[in-house]
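The structure's right below; bear with me while I get my questions together.
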């Protein structure tokens with residue numbers, strides 16, 4: 001059996017070289033990022049269900065910085081409402097400050113570098129997460 005040699009076309013080589021020269025950041029799909037269309041706008045979406053507070057804060061910071069660098073204007077961050085949080089059963093732990101719904105926006109508000117990039121933060125309509133999510137509108 002004779003094996004055929006695989007050759008790459010000149011067009012493919014050219015496209016690959018152009019792609020590798022670009023300084024665009026590529027997203028890590030494991031960060032649960034996906035694009036959704038809301039009123040004909042492309043909005044980056046980040047779902048933080050199941051993340052610890054520390055990991056969620058790190059991911060949100062990277063998400064905002066990368067989105068800002070890419071020139072995106074509107075982000076949707078889904079935290080969940082914290083309804084199933086086990087914090088409620090522990091009398092020694094603050095219920096408000098141990099649920100992503102509260103801690104992530106607080107983290108953003110306390111990070112001066114992130115605030116410089118953000119125009120406003122607001123609650124989306126119920127069909128896009130309502131109280132368990134928030135929009136981030138980025139500056140130009």
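Given the criteria under 30 Å from residue 22 (Cβ atoms) and at pLDDT below 90, does residue 43 qualify?
yes
In region 50-75, what count of residues is obtained for those that are assigned to a helix (DSSP H, G or I), closer than 17 Å to residue 107 by Cβ, out of contact with any strand residue (DSSP E or B) (no Cβ under 7 Å at 6 or more places or on another chain) and touching a residue at least 40 places away in the same chain (Cβ under 8 Å)?
6
Another question about this same structure. Identify all residues within region 9-33 that are assigned to a helix (DSSP H, G or I), out of contact with any strand residue (DSSP E or B) (no Cβ under 9 Å at 6 or more places or on another chain) and either modelled with pLDDT of 75 or more or surrounded by 10 or more Cβ atoms within 10 Å (Cβ to Cβ) (or both); write none if there are none.
Within region 9-33, 10, 11, 12, 13, 14, 15, 16, 17, 18, 19, 20, 21 meet the criteria.
Every residue, every condition in (1) in contact with a strand residue (DSSP E or B) (Cβ under 9 Å, 6 or more places away or on another chain); (2) assigned to a helix (DSSP H, G or I); (3) under 19 Å from residue 55 (Cα atoms); (4) modelled with pLDDT of 90 or more, yes or no:
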position: 87; (1), (2), (3), (4): no, yes, yes, no
position: 92; (1), (2), (3), (4): no, no, no, no
position: 97; (1), (2), (3), (4): no, yes, yes, no
position: 137; (1), (2), (3), (4): yes, no, no, yes
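Please determine, by comparing only the residues of region 99-119 that are surrounded by 17 or more Cβ atoms within 10 Å (Cβ to Cβ) and over 13 Å from residue 64 (Cα atoms), which one is modelled with the lowest pLDDT.
99
Conditions: (1) modelled with pLDDT of 95 or more; (2) closer than 15 Å to residue 43 by Cβ. Residue 78 meets all but one. Number of the miss?
Residue 78 satisfies all of (1) modelled with pLDDT of 95 or more; (2) closer than 15 Å to residue 43 by Cβ except (1).
So, one more: Pick from region 49-66 the residues that are under 8 Å from the mean Cα position of the chain (by Cα) and closer than 16 Å to residue 121 by Cβ: which of them is surrounded by the fewest Cβ atoms within 10 Å (Cβ to Cβ)?
Checking each candidate, the answer is 63.
The values are calculated or read from the model by the stated rules, or taken from the named source; none is laboratory data. The shown structure was predicted, so the numbers you read here are calculated from the model rather than taken from an experiment. A quick note on method: Cβ atoms are made from the backbone with ideal geometry, for glycine too, and the neighbour counts reach across all protein chains shown.
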